[in-house]
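The values are calculated or read from the model by the stated rules, or taken from the named source; none is laboratory data. As the structure is a prediction and not an experimental result, all values here were calculated from the model. All Cβ positions, even for glycine, are placed from backbone atoms using ideal geometry, and neighbour counts span all protein chains on display. When the accessible area is computed, the model is the full protein with side chains, heavy atoms only, and any ligands, DNA or RNA have been set aside. Shrake-Rupley method; radii C 1.70, N 1.55, O 1.52, S 1.80 Å.
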Amino acid sequence: MSAAPTLANRSCKITGCQNSTREGKPFCPDHVERHDYVQGILEILAQREAEEERVRVKGASAVDPHGLTAQELILHLSQHGSRTVERLSREFQLESQVMRDYIDALLERGLVQIGRTARGSTIVRLTG
Ligand SMILES: [Zn+2]
């Protein structure tokens, strides 16, 4: 029997973990799940960034109403009531034009309504 390492008995890539891995995977069973979870989050964040970039270029038509940013916006409005566009763009750390594009996309679908404050700011709230 050879003692040389094979694909079947690598050690886990997590620093300090002494476990060996199965089937040539880079992480042991304890860590592979955490790795998949983190990868999933990174993928969602990358999709969000890609969408924001498309919205910067193309405007409201590039907004995915089921995407993370649109869903967060709806959740945020449901928790906090009405908000001005300026405040939403600060809270979401998005340029005000990009925030306006997200709001326009939700407006087109009837998900939000807009109004004006006494000082002339655009205010957004959920429909219904
Ligand atoms: Zn491990």
- [ ] Considering each residue of region 47-59, count those that are open to solvent by less than 20 Å² (accessible area, probe 1.4 Å) and in contact (Cβ under 8 Å) with a residue 24 or more places away in the chain, and give that number.
- [x] 2
Open item on the list: I'm trying to understand the selection: among the residues of region 11-51, which are of a type in the set (D, E, K, R) and either in a helix (DSSP H, G or I) or in the same structural domain as Glu95 (by TED's automatic domain parsing) (or both)?
Closed with: Asp30, Glu33, Arg34, Asp36, Glu43, Arg48, Glu49, Glu51
Task: Selection count, region 77-114, where residues are open to solvent by less than 20 Å² (accessible area, probe 1.4 Å) and either over 17 Å from Arg56 (Cα atoms) or in contact with an Asp or Glu (Cβ under 6 Å, 6 or more places away or on another chain) (or both) - done: 2
- [ ] Identify, by number, the condition in (1) at pLDDT 95 or above; (2) open to solvent by less than 60 Å² (accessible area, probe 1.4 Å); (3) not assigned by TED's automatic domain parsing to the domain that holds Leu111 that Ile74 doesn't meet.
- [x] (3)
Open item on the list: Condition first: under 15 Å from Leu106 (Cα atoms) and assigned to a helix (DSSP H, G or I). Now tell me which residues in region 70-88 satisfy that.
Closed with: Ala70, Gln71, Glu72, Leu73, Ile74, Leu75, His76, Leu77, Ser78, Val85, Leu88
TODO: Give region 79-105 a look and list any residue that's touching a Ser or Thr at 6+ places or on another chain (Cβ under 6 Å) and among the small types (Gly, Ala, Ser), or say none.
DONE: Ser89, Ser96
